[in-house]
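Okay, structure first, notes after.
The values are calculated or read from the model by the stated rules, or taken from the named source; none is laboratory data. Only a predicted model underlies this, so the values are computations on that prediction, with no experimental measurement involved. Quick reminder, even Gly has a Cβ in these numbers, built from the backbone with ideal geometry, and neighbours come from all protein chains shown. Side chains included, ligands, DNA and RNA excluded: accessible areas come from the protein's heavy atoms. Shrake-Rupley method; radii C 1.70, N 1.55, O 1.52, S 1.80 Å.
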Amino acid sequence: MDDLELALGTSDLAAQLALAHYEAGVTVSVKADGSPVTEADRAVERLLRDTLSEARPGDAFFGEELGELGESERVWILDPIDGTNFFSRGDPNWRIQLALEINGITELAAVTAPALGIRWWATRGRGAFESPWPGAEPRRLQVSTTVENAAIDALGNDPRLPSAGPPGSPLPLVELVRGEIDAFHVERYYKWDHAPWILLVEEAGGRFTNPIGTNTGDQGGGLYSNANLHSDLLALLGYPGGSA
């Protein structure tokens, strides 16, 4: 099977395991960095690693719960349960997130929200898609083209973006790739949070830039937006690459 088939099949297994924990209920503990974790997070990441390793024994891993393993030009970036707070309180807005980085470039992304019954995926150069989970026909995703009166969401009150408001949804990046909002600014979180969404946004026709002016997810977030807005918003934020 190819990498996309492997990622989606592995995500299916992880989704089934995560749903079993979700429906049974979990106990939350706190990690050293203050973020929440449950046994489900660790169990799902172990399943992801074991399944992917069996199919691709030479690949390396970088995961939220179990850290780095191996050295390879191919690295799977894993967030076993993104949205542990949602997960632990019975809110369905949590996701299983995978990305495959090859020679430092993210080539594949798969995000599954089992309790919502939705999946999103992308491969570089081949577009971004959404479908019901499990099964059903996918639809291609496309960001907006809006410039005037743009809907801009941001985490935190940032004076650089006076027209931005707080996200109206638990999943603003889903709204962005669907064309329902026009930009999302977030300067927090980790590579495993951002890696799949950067590719999804780019393959839906949008752009992502972090505070140092690149499109990698290892700088604590950045600006996601449609292509028409991007340069102007970069300038407002003082990011490299903004229009004068």
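The number of residues in region 78-93 being without any contact (Cβ under 8 Å) to a residue 40 or more places away in the chain and crowded, with 18+ Cβ neighbours inside 10 Å comes to 0.
For region 217-231, taking the residues that are open to solvent by 40 Å² or more (accessible area, probe 1.4 Å) and touching a residue at least 60 places away in the same chain (Cβ under 8 Å), the one that is nearest to Val75 (Cα to Cα) is identified as Ala227.
Exactly one residue out of Pro211, Pro167, Pro172, Pro138 is within 25 Å of Pro80 (Cα to Cα) and more than 17 Å from the chain's Cα centre (by Cα): that is Pro138. With respect to (1) in a strand (DSSP E or B); (2) basic (Lys, Arg); (3) surrounded by fewer than 22 Cβ atoms within 10 Å (Cβ to Cβ), the lone exception for Arg207 is condition (3).
Being modelled with pLDDT under 95 and over 21 Å from His194 (Cα atoms): is that true of Val37 here?
For Val37, the condition - modelled with pLDDT under 95 and over 21 Å from His194 (Cα atoms) - is not met.
Scanning region 24-77 for residues that are in a strand (DSSP E or B), free of Cβ contacts under 8 Å to residues at least 40 places away in the same chain and surrounded by fewer than 19 Cβ atoms within 10 Å (Cβ to Cβ) yields Ser29, Val30, Ala60, Gly67, Glu68, Leu69, Arg74.
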